Amino acid sequence: MNREIAINHATVREKADMLAFIELCAERHIRAVSIWGDEIDKVGEAAALAALRQSGMTVYGYNRVGPFITSQLDNAAAQLEQAARFGADHVLVFTGGLVDGEQDLKAARRRHEDNIGDLLDQARQTGVKLALEPLHPMLVGDRTTLASLSHANSICDALGDGIGIVIDVHHVWWDERLEDEIAHAGKAGRILGFHVNDWLVPTRHLLRDRGMMGDGIIDLPNLDRLVRAAGYDGPVEVEIFSDDWAARPPAQVLDTVIQRCEQIFSDLVTR
Ligand code: ZN
């Protein structure tokens, strides 16, 4: 895949369903998108597949498998198969956090690592790659037990082929081991994606107040250099969960996204 922009549907999904989203992206010469299973359900899989085929667009990330509670794990095989039908490059793994009342983080981590191992067996059979995306440590209570690139690398080291890492700047920008861990992931050929947005100061909400690239304090050109130096040559994926941007017209949001990407990331193919 070329060095281009991919857009994650979450960026505009409040006002654009999946069909409208694909159309808006096609009008802007975006050729790769990342999608969500619940958004496919809203428009119907046949219509979503037809729209993608018609636009010639490829699916980069499929969101997502998890959280790792029994009811959701039962769905994992179906979700992996749906991701395969959409030709997704990788499927995002969402572990979820601690269960109600649980205080044994170590046990929860071990349980989730086992779940990832089981899931990987299924993913290998389906032929899709699993993507571990370490989330920000403040989300460990309720949303994840995977909160650093070091942990993600060690899981991948243990499990072998078919699993890799998505690096989202919002989640990892603070990490003092960032350079080493990106280099490690790169050397193993396991960087599957690079999610961009920005960290606002102050951040008013942990889930719904990400910034547009350039509006916050993350050194995005530096992070971009690190992932490229590590051998990643896939798209720069824009993923902005933000009440502020979700309230604006999707076309305007996407125009801003493209403009900012052109300013910040060098050598992007955007036409
Ligand atoms: Zn992300």
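Against the numbered list (1) surrounded by 19 or more Cβ atoms within 10 Å (Cβ to Cβ); (2) within 16 Å of Arg3 (Cα to Cα), Ala229 comes up short only at (1). For Val236, the criteria (1) surrounded by fewer than 14 Cβ atoms within 10 Å (Cβ to Cβ); (2) touching a residue at least 40 places away in the same chain (Cβ under 8 Å) hold in every case but one, which is (1).
Picking from Ala6, Ala10, Ala20, which residue would you name as being assigned to a helix (DSSP H, G or I) and either within 26 Å of Gln122 (Cβ to Cβ) or within 16 Å of the ligand (Cβ to nearest atom) (or both)? On inspection, the qualifying residue turns out to be Ala10. Looking across the range 241-261, the residues that are assigned to a loop (DSSP other than H, G, I, E, B) and over 20 Å from the mean Cα position of the chain (by Cα) come down to Ala247, Arg248, Pro249.
We did not get these values from a lab; they are worked out from the coordinates using the rules stated. The shown structure was predicted, so the numbers you read here are calculated from the model rather than taken from an experiment. Note that we place each Cβ from the backbone using ideal geometry, even for glycine, and neighbour counts take in every protein chain shown.
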